[in-house]
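Structure first, then comments.
The values are calculated or read from the model by the stated rules, or taken from the named source; none is laboratory data. The structure displayed is predicted, hence computed values, not measured ones. A quick note on method: Cβ atoms are made from the backbone with ideal geometry, for glycine too, and the neighbour counts reach across all protein chains shown.
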Amino acid sequence: MRFLIISHALHKVKETNVFSYAPYVREMNVWLKYVDEVEVVSPLVSEAISEIDKAYKHNDLVLTDIPYIQFTSIKHIVSSLFKIPIILFNIFKACKNADHIHLRCPGNIGLLGCLVQIVFPKKLKTAKYAGNWDPNSKQPLSYKLQKWILSNTFLTKNMHVLVYGDWKNQTKNIKAFFTATYKNSEKEKPVVRDYLGPLKFVFVGSLVTGKRPLFAIQVIEALRKQGKSVFLDMYGDGVLKPELQNYIHANGLDNIVVLHGNQPKDTIKKSFKIAHFSILASKSEGWPKAIAESMFFGVIPIATSTSCVPFMLGFGERGLLINTNIEDVVVKIHDVLKDAKKAESISKKASKWSQEYTLDKFENEIVKLLKFS
């Protein structure tokens, strides 16, 4: 089988290896175990390999480099419009040669892939929609267009569309799905935390506006002002890092908030094993792996009610669903801490749920998708 991946993810090449964002590549490597040939159509950059990059594992993989496009300014729009025909041609050629077409959505390249796949109705296809599939959420027009095309069974044939969450009134090709990080062999009984002593919080995610990292810091700051012994470890990098560093220093939080930058999976895993709470107040999500991964080890998640997060947190039974009012969040945390047994129960429920979604289960589901007809 010749397997085609159409993705907006930026790729890098070092010697004979092709690298990209580690969580995405880790997932794709599961698919690639069961295919003979691979073609990846995506932009190529010349940046150095970083801690959050990972190499594809396949002996017969070809990367087709396409231009990077964006529509954030008039200059970028004009430039991108000239590049689109080149991208469409490369996608069309790749689809023609493929046995299975796999789209990564949402994204600009994913949208173009959605359009091209229409003219290949007999090809086996899957699409991974990694964003928020909630029909009632506010999203960019390009995202809505991708969702409409993928849901339209007249335009999109012979395809399973993998989405996060089980939503009502969906077309027959929409399949509720999940993602995973840990194997069955990595399951372990969560450590029973002491919720009366110092509390360890963890944030894992890009330091960008959409992840609201400053909000996480301000929650910790508010708890400290109320006399709580709290610490926050933040893993990730991004454009907000200088601003966050300034805030931490200006408000005397250097001893309780640490920016670790991008770190390997094992480092973050060690942090999850001892943390009491994970916090991620994202504006939008698909399936927030940072939350699911922390729950795997019994960390109590604190997250905004976006996308399928309410389902993940059992609508409040497996974690704290919050708004973005810091006072309200602090009250919810205090409510949990009043009853150590309740906190321990939430921790156990979080772990039990998350440990159902392992890489072993994920791989079994991928095999079924590759064989569907």
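Remarks
- Subset of region 249-284 (residues that are modelled with pLDDT under 95 and charged (D, E, K, R)): LYS265, ASP266, LYS283
- Filtered by the rule that a residue be of a type in the set (Val, Ile, Thr), over 21 Å from the mean Cα position of the chain (by Cα) and farther than 20 Å from GLN70 by Cβ, region 103-157 gives ILE118, VAL119, ILE149, THR153, THR156.
- VAL367 being hydrophobic (A, V, I, L, M, F, W, C), surrounded by fewer than 15 Cβ atoms within 10 Å (Cβ to Cβ) and assigned by TED's automatic domain parsing to the domain that holds GLN139: yes
Conditions tested, residue by residue: (1) within 29 Å of LYS338 (Cβ to Cβ); (2) in contact (Cβ under 8 Å) with a residue 60 or more places away in the chain; (3) in the same structural domain as GLY298 (by TED's automatic domain parsing).
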position	(1), (2), (3)
VAL204	yes, yes, yes
PRO213	yes, no, yes
ILE217	yes, no, yes
VAL230	yes, no, yes
LEU244	no, no, yes
HIS249	no, no, yes
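- Against the test of being under 30 Å from ASN262 (Cβ atoms) and in contact with a Phe, Trp or Tyr (Cβ under 6 Å, 6 or more places away or on another chain), the options CYS105, CYS95 yield a single qualifying residue, CYS105.
- Listing of strands (runs of 3 or more DSSP E) fully contained in region 39-107 that carry 1 or more residues being under 28 Å from HIS160 (Cβ atoms) and β-branched (Val, Ile, Thr): 61-65, 100-105
- Pairs meeting the criteria (first residue in region 56-68 and over 18 Å from PHE82 (Cα atoms), second residue hydrophobic (A, V, I, L, M, F, W, C) and part of a loop (DSSP other than H, G, I, E, B), beta carbons under 8 Å, at least 6 apart or on different chains) are HIS58/VAL35.
- Lone unmet requirement of (1) buried (at least 21 other Cβ atoms within 10 Å of the Cβ); (2) of a type in the set (D, E, K, R); (3) out of contact with any Asp or Glu (no Cβ under 9 Å at 6 or more places or on another chain) for LYS157: (1)
- Residue check, GLY131 modelled with pLDDT under 95, surrounded by 19 or more Cβ atoms within 10 Å (Cβ to Cβ) and not in a helix (DSSP H, G or I): yes
Listed here are the residues, each with its yes/no results for (1) in a helix (DSSP H, G or I); (2) of a type in the set (Lys, Arg); (3) out of contact with any helix residue (DSSP H, G or I) (no Cβ under 8 Å at 6 or more places or on another chain); (4) closer than 30 Å to VAL35 by Cβ.
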residue: GLU285; (1), (2), (3), (4): no, no, no, yes
residue: ALA290; (1), (2), (3), (4): yes, no, yes, yes
residue: MET295; (1), (2), (3), (4): yes, no, no, no
residue: ALA303; (1), (2), (3), (4): no, no, no, no
residue: THR306; (1), (2), (3), (4): no, no, yes, no
residue: ARG318; (1), (2), (3), (4): no, yes, no, no
residue: VAL330; (1), (2), (3), (4): yes, no, no, no
residue: GLU344; (1), (2), (3), (4): yes, no, yes, no
residue: LYS349; (1), (2), (3), (4): yes, yes, no, no
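- Going through (1) out of contact with any helix residue (DSSP H, G or I) (no Cβ under 6 Å at 6 or more places or on another chain); (2) buried (at least 19 other Cβ atoms within 10 Å of the Cβ); (3) within 21 Å of LEU207 (Cα to Cα) one by one, ASN323 falls short only on (2).
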